[in-house]
Amino acid sequence: MKELNILPDEVAVKLAAGEVVERPASCLKEVVENSIDAKASLVDIKLLSGGIKKIDVYDNGKGIHSEDIEYVFNKHTTSKIKSVDDIFSIKTMGFRGEALCAISSVSKVTLISKHHTEKLGNMIKVEGGKVILKSEYPFEKGTKIIIEDLFFNTPARLKFLKSNSTEQRYCTEVVERLALCYPEISFRLEIDNKVQIFTPGDNKFESSILSIFGKEILNNLIDFSYDDNNIKINGFFVNPTISKSTRNGYYFYVNKRYVRSKILTSCVDEAFKNHIMSNRHPIIFLFVQVKPEDVDVNVHPAKLEVRFKDESYIYNSIYKTITK
Ligand code: ADP
Ligand code: MG
């Protein structure tokens, strides 16, 4: 070859990591989603310095098998799908098998886990993608992952991070969004040794709302729902006497996945147009459930966007439901 280089694996992995791991909040999202996929009923999160110095997540889920633990950091290694077709019947948050690979290539990771079928746990430490320690480790249940010194080996990317307090806010938003959609899981978020979020995990959406937004929002919720063979819609909006100057009160979930969506945004804008002061926006929690084959969840590196097969059907069903 004359002008071409084949990039060495460690370079390719770091470049790919840029898509998944942008900041502490993206790491946090990936590991908490892994806890959800592991069927945890409790997720305990601790952050130091906006997550840049340390992200520590414990879950009481099914754990990782001793035969698997050293491979979870390899690229394209997942327990969630086997073939491309599986993407259209996905029931888990993750499926690409790239998050732990990406995270561990740009940070120092300690992973401790005990598989529910085994007696003893295991610990593994990985720095910049290299395994530096692996041993048996007594551990009661579940999985603990500690991510330290994010971007320690990619200083150029460290420079792109914002202040600790801004990174901390992004991390808090990640936990809020997940806690609202998974009221059956108890989430605890501690930042610099102070508890910021605690949801009881009693499977009531109202409990999550109360702990995250407080009494006033809870007391002003108006619920809506719709169900046919192709779509299930339910959710709550807040009485529009309480409104926002931005659209950051739009919480959209498709098949239990928080998403940003132009079509859902314009649908909500349109539905509230004549019911809210101009230049104000509602607070709305919208949960949409469609058949896995009717939505493509593999169109965004951080899985923050989805593509619907029949956009106008989705739009019209939601518009009808909200306006009613
Ligand atoms: P993906 O979630 O797309 O499969 P990840 O890189 O996030 O890819 O994780 C790789 C694998 O590691 C998962 O498929 C899962 O088997 C295992 N794993 C990661 N975190 C946990 C956890 N908290 N509990 C149990 N298994 C986990
Ligand atoms: Mg994952």
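Only helical DSSP H runs with n ≥ 4 go in: add -39500 (n - 2.57) per run for the chain, normalise by residue count and round the 222 nm mean residue ellipticity to 500 deg cm²/dmol. List each step's numbers first, then the result.
On the way: 9 runs with 93 residues, N = 324.
Here the helix-only value at 222 nm equals -8500 deg cm²/dmol.
Run down the lysines and flag those whose C-alpha is under 26 Å from the C-alpha of K2, throwing out any fewer than 8 positions away in its chain. Within reach: K14.
Angle of helix 311-323 to the longest C-alpha principal axis of the chain, folded into 0 to 90 degrees and rounded to 10: 50°.
Measuring nothing but how far apart in sequence close Cα pairs (under 8 Å, 6+ apart) lie, relative to its length, the stretch 108-210 scores a relative contact order of 17 percent.
Highest mean first, the peptides 168-176, 14-22 sorted by other C-beta atoms within 10 Å per residue fall in the order 168-176, 14-22. The stretch 1-66 and the stretch 272-305 have their alpha-carbon centroids 25 Å apart. So what's the angle, to the nearest 10 degrees on a 0 to 90 scale, between helix 24-37 and the longest Cα principal axis of the chain? Taking the Cα atoms of the chain, the angle to 24-37 is about 90 degrees. Using C-alpha pairs under 8 Å with a sequence gap of at least 6, the mean separation divided by the residue count of the chain gives a relative contact order of 16 percent.
Highest-first packing order for the peptide set 89-95, 69-75 is 69-75, 89-95, based on the mean count of other beta carbon atoms within 10 Å. A straight Cα-to-Cα reach below 19 Å connects K194 with the lysines K46, K53, K54, residues fewer than 8 places away in its own chain not being considered. The lysines within cross-link reach of K309, meaning a Cα-to-Cα straight distance under 24 Å and a gap of 8 or more places when in the same chain, are K80, K82, K91, K232, K256, K262, K291, K320. Considering only T246, F198, V31, and ranking their Cα positions along the charge dipole of the chain that arises from unit charges at the beta-carbon of Lys, Arg, Asp and Glu, the one farthest toward the positive end is T246. A simple charge model with +1 on the Cβ of Lys and Arg, -1 on the Cβ of Asp and Glu and nothing else charged puts the dipole of the chain at about 580 debye relative to its Cα centre.
Read-outs throughout are calculated quantities, based only on the coordinates presented, and are distinct from any laboratory measurement. Predicted model only: the values in this text are computed from it and were never measured. Neighbour counts are summed over all protein chains in view; Cβ atoms, including those assigned to glycine, are modelled from backbone coordinates with ideal geometry.
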